[in-house]
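Remarks on the structure that follows.
The values are calculated or read from the model by the stated rules, or taken from the named source; none is laboratory data. In this text the structure is predicted, and so the values were computed from the model without any measurement. When the accessible area is computed, the model is the full protein with side chains, heavy atoms only, and any ligands, DNA or RNA have been set aside. Shrake-Rupley method; radii C 1.70, N 1.55, O 1.52, S 1.80 Å.
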Amino acid sequence: GPLCGALIGVSISLLMKDQYRAEVLLMMSRNYSQEVKSGSSSQLGSLASLAGLSMADGNDERVEALATLQSRALTVKFIQENNLLPMLFSGKWDSESKRWKSSDLKRIPTLWDANEFFKKNVRSVDEDKRSGLITLQVVWSDPTIASAWANELVARTNEYLRTRAIDRAEANITVLNQEIEKTSVL
């Protein structure tokens, strides 16, 4: 009865690997588009709206950040560039010969498998709707690796969003310059 249950519990706890969780708390920074909407540059905002350009608000940016952080593209690129398939599927990897244990292609993990594993077992993203804070958690058997992965995922997300914002701003400037050239109004 109870002794058997206790022995099973102890056995399971001895067989389980330690898991470490790295958490990164993210907050969207105040950006230029919010300043435009608040009126500090209302003339530019008005000109942009006349030209048919929409200025993204903080909510749009938070949604984009959440989507990017959880995206398949970001995850697959991260896994591929860091060669994580052998690490994520260590039971199927022969580290001595540096190849998969099976030669059957159906048994060799793919990037799709790695993405699914990563999103179900390694990375989680939660948003506090009241505060707007986003928490990224990475769970792994090595605390240093968990922390490095969490920080790199955030850095990659920031870089992607920064590049997108620059591209959008340049496109908006191009459209505004075209509109200025069309008009003869001083």
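Under 28 Å Cα to Cα from Lys17, which lysines show up? Leave out anything in the same chain fewer than 8 places away.
Partners found: Lys77, Lys92, Lys98, Lys101, Lys106, Lys119, Lys120.
Hey, what's the per residue convex hull volume over the C-alpha atoms of region 59-179, in cubic angstrom?
Numbers: hull volume 16.8 nm³, N = 121.
Convex hull of Cα atoms, per residue: 139 Å³.
Might you work out the accessible area of Lys17 for me, using a 1.4 Å probe with all protein chains in place, and round it to the nearest 10 Å²?
140
Given H placed on each backbone N at 1.01 Å, which residues far from Met28 in sequence or on other chains put an amide H within less than 5 Å of it?
Placed amide hydrogens put nothing under 5 Å from Met28.
Send over the Kirkwood Rh of region 129-184, from the inverse of the averaged 1/r over different Cα pairs, rounded to one decimal Å.
Kirkwood radius, region 129-184: 14.7 Å.
Could you pull out every residue, at least 5 positions away or on a different chain, whose amide H is within less than 5 Å of the one on Trp93? Hs are placed 1.01 Å off N in the peptide plane, and Pro or chain starts have none.
Hits under the 5 Å cutoff: Lys101.
Please work out how much length the chain gains when fully extended from Asp60 to Ala73, using 0.36 nm per residue of separation minus the C-alpha to C-alpha distance, in nm with one decimal.
2.7 nm
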